[in-house]
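Asker: Structure in structure tokens, see below.
The values are calculated or read from the model by the stated rules, or taken from the named source; none is laboratory data. Model, not experiment: these values are computed from the prediction. Counting neighbours? That spans all protein chains shown, and the Cβs are built from the backbone with ideal geometry, glycine included. Remember, those area values only see protein heavy atoms, side chains included, never the ligands or the DNA or RNA. Shrake-Rupley method; radii C 1.70, N 1.55, O 1.52, S 1.80 Å.
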Amino acid sequence: ASHVHGMSLGRWQWRAQPCFTAFILISLHHDELSSGSGPLVLDALEVSDGEDPLAAALFADPNCTRSARWSAWREQLQVSRGEAVLAGQRIMWELGSTGRDPMEAMLDPDDPCLLGATALLYLQVLASWYGGRFSPALANFAVLHDQFLTQMHPHFYEKSGWTIRDADLRFTKDELLYNVRKFRDLAGQQLEGIRPPAEDPGEQANLDIFLSHLVEQQAQHDRRARSVDELLPSWEPSPLEALTSQRRSAEGRPWPRIYVYDEAEIEEIGLLAQGPAFCHNRQW
């Protein structure tokens, strides 16, 4: 956690532990939170020396049995996945109804429950996913993965009473990454004019996000190619080539194929890959 000491990004203060890096406090607009339609927005972080109440509570009482409200919420989530998502939305609305920012209320150092907050945030990811809102689901999962889960050993939540398991997280990550590749490829085909717009407005809304990124990146590449002041290597593919799966390099050679072993094929891989810290900070 030494790399976060001395960092100051705003008014919220969190204190790093030797085995527990500081947390980033997230700010959510209540209307986005209650509907699950918007991504989490990074608010601020300031790290200072001292004991983090969230970290201390994680070790002392991971299931938050000393808190009446977190104990009640934990019981409400012991249902089917779909019912848990709805329960999570109700809990987040309850947190926001106090007049405080919902995420600020969820990470209250006076009533700390890190695993409970982690479980609720994962349910926010699923709420966006089930609602067809891919971009908020991806953004929320990135915050969950890189700012919450990577700060703790996976056995903290794997062996807890909260409804969050490493296998579910890896499955969600796989689904999100598969769809990132799919949307990139479809966006490239639309940009080239070989694929019409999607009939489903929700799917096209997701594609429009990737299309806007691709258009901007392609424009930057074209400016570099025309500039006499920038060196554009001959081997560097354009964004259209790099971000879509069916392209070939400038020399006409096919892109190399990479085989990824699945944990279902080799059981030990699942053990090696458990926990987001195996591949984190947007490396995933």
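Asker: Got a number for residues in the range 163-194 being within 15 Å of the chain's Cα centre (by Cα), assigned to a loop (DSSP other than H, G, I, E, B) and surrounded by fewer than 17 Cβ atoms within 10 Å (Cβ to Cβ)?
Answerer: Qualifying residue count for the region: 0.
Asker: Let me ask something else about it. Can you name every residue in the range 238-282 that is modelled with pLDDT of 65 or more, touching a helix residue (DSSP H, G or I) at 6+ places or on another chain (Cβ under 8 Å) and farther than 20 Å from Lys173 by Cα?
Answerer: Within the range 238-282, Ser238, Pro239, Leu240 meet the criteria.
Asker: List pairs: first in the range 123-145 and of a type in the set (A, V, I, L, M), second open to solvent by 40 Å² or more (accessible area, probe 1.4 Å), Cβ under 6 Å, 6+ apart or cross-chain?
Answerer: Note: pairs meeting the criteria are Ala137/Trp129; Ala139/Pro39.
Asker: Looking only at residues that are more than 11 Å from the chain's Cα centre (by Cα), crowded, with 21+ Cβ neighbours inside 10 Å and closer than 19 Å to Leu115 by Cα in the range 128-162, which one is modelled with the highest pLDDT?
Answerer: Looking at the filtered set, the residue picked out is Trp162.
Asker: Ser227 - would you say it is over 23 Å from the mean Cα position of the chain (by Cα), among the hydroxyl-bearing types (Ser, Thr, Tyr) and modelled with pLDDT under 85?
Answerer: The answer is no for Ser227.
Asker: Check the range 195-202 and report whether any residue there is over 30 Å from His153 (Cα atoms), in contact (Cβ under 8 Å) with a residue 12 or more places away in the chain and assigned to a helix (DSSP H, G or I).
Answerer: Checking the range 195-202: at least one residue is over 30 Å from His153 (Cα atoms), in contact (Cβ under 8 Å) with a residue 12 or more places away in the chain and assigned to a helix (DSSP H, G or I).
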